[in-house]
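Scroll down for the structure; my scribbles are underneath it.
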Amino acid sequence: MIRPVLRMGDARLLRIARPVTDVFAPDIRALLTDMRDTMAHLNGAGLAAPQIGVDLRVVIFGSGEVNPRYPEAPIVPPTVLINPQIDFIGDEMEDGWEGCLSVPGLRGMVPRYQRLRYRGLGEHGEAIDRIVEGFHARVVQHECDHLDGVLYPMRMRDFTRFGFVEELNLASMPDE
Ligand code: NI
């Protein structure tokens, strides 16, 4: 079921989400379906459970194929990540444009760690353990931030590079 996405200013986006205790619980199954439906409907690159008002540590991101609306976006494998944990590798940061379904119409330049390891549970309870960099690492940081009540503008340092997508001429990138 497609669910409404909360927008910045809604206090529910600022909560520290709770860990999932039973990956196989029916409400988690339903949550994953709703998150997938909602992300696909909005052509998003990622979605976190708090964005649809669910206070749990669940994110989804990636796409298995090129999104026709965003043909230049790098491919990230479709991933369900439950109770994620991030360990940054090195301290190298990289600037990149980000958008967010909870901050519609806007894009901002956000510094993120370039390389990291992330771990968590997949949708079937399997362990996920990956070392990634670049855009993939950026998406993971963006989505996992949602679980700690952090929206990308809160990570920005240069507000001269924050604006409406039409004015910035950045239409070829997805919201996350
Ligand atoms: Ni977002």
(message) Being closer than 19 Å to PRO153 by Cα, within 14 Å of the ligand (Cβ to nearest atom), open to solvent by 10 Å² or more (accessible area, probe 1.4 Å) and of a type in the set (A, V, I, L, M) is the filter here; which residues of the range 1-39 pass it?
(response) VAL5, LEU6, MET8, LEU14
(message) When the residues of the range 141-172 are narrowed to those that are within 12 Å of the ligand (Cβ to nearest atom) and hydrophobic (A, V, I, L, M, F, W, C), which ends up farthest from LEU56 (Cα to Cα)?
(response) MET154
(request) Only residues that are open to solvent by 10 Å² or more (accessible area, probe 1.4 Å) and within 16 Å of the ligand (Cβ to nearest atom): list them for the range 113-140, please. (result) PHE135, HIS136, ARG138
(request) Consider only pairs whose beta carbons are under 7 Å apart and that are at least six residues apart or on different chains; among these, list those whose first residue lies in the range 41-59 and is closer than 23 Å to PHE24 by Cβ and whose second residue is basic (Lys, Arg) and within 14 Å of the ligand (Cβ to nearest atom). (result) PRO50/ARG12; GLY53/ARG12
(message) Condition first: polar (S, T, N, Q) and touching a residue at least 40 places away in the same chain (Cβ under 8 Å). Can you find one or more residues in the range 123-146 that meet it?
(response) yes
(message) Here is a list: PRO26, PRO50. Which entry is in contact with a strand residue (DSSP E or B) (Cβ under 9 Å, 6 or more places away or on another chain) and either closer than 15 Å to GLN141 by Cα or of a type outside the set (A, V, I, L, M, F, W, C) (or both)?
(response) PRO50
(message) Name the residue that is modelled with the lowest pLDDT, counting only residues in the range 40-79 that are within 16 Å of the ligand (Cβ to nearest atom) and of a type in the set (Val, Ile, Thr).
(response) VAL76
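The values are calculated or read from the model by the stated rules, or taken from the named source; none is laboratory data. Computed from a prediction, not measured in an experiment: that's the story for all the values here. Cβ sites come from the backbone with ideal geometry, for glycine too, and all protein chains shown count toward neighbours. Side chains are part of the model used for accessible areas, which takes the heavy atoms of the whole protein and leaves out ligands, DNA and RNA. Shrake-Rupley method; radii C 1.70, N 1.55, O 1.52, S 1.80 Å.
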